[in-house]
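The values are calculated or read from the model by the stated rules, or taken from the named source; none is laboratory data. Treat the numbers as computed from the prediction; the structure is a model and nothing was measured. Here the Cβ positions follow ideal geometry from the backbone for every residue, glycine too, while neighbour counts run over all protein chains shown.
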């Protein structure tokens, strides 16, 4: 029996794309999402949904609405990483001040969850506006990035 051809895209043993690698199978990931929803421990379920949501975002042919829904579910279970990811996703496509404000709210949620990366980014964004400079300095202080 021949060894399988090496995959062009690295993936986990269950076939999911590694974080940051596109080209995964959205149908497989959505099946794994359904399985993850059955995990009784909310923390474990949140972590799994976060990585699956990221996997969906990395899939070229996945519906971004599915990825956002999975990440939102993870965020609702307490994942600051999912809130940060959703904020970044929203900010990249923001066209209105309300969309920017919604992204900042998600970054703040992630920052309040202790995610230093979110604290730093939020601080830097808030430092750009003289009216929010004090809040920006506070977030940078919390992040240890004065």
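In a helix (DSSP H, G or I) and over 16 Å from residue 86 (Cα atoms): which single residue out of 109, 133 fits that description?
133
Looking at this structure, is residue 55 touching a strand residue (DSSP E or B) at 6+ places or on another chain (Cβ under 9 Å), crowded, with 23+ Cβ neighbours inside 10 Å and not in a loop (DSSP other than H, G, I, E, B)?
yes
Enumerate the pairs (first residue in the range 31-60 and over 23 Å from residue 89 (Cα atoms); second residue anywhere and modelled with pLDDT of 95 or more and not in a helix (DSSP H, G or I)) with beta-carbon separation below 6 Å, excluding pairs fewer than 6 apart on the same chain, so at least 6 apart or on different chains.
42/77
Select from the range 61-79 the residues that are over 20 Å from residue 92 (Cβ atoms) and in contact with a helix residue (DSSP H, G or I) (Cβ under 7 Å, 6 or more places away or on another chain) and list them in ascending order.
Listed by number, the residues that qualify are 73, 77, 78.
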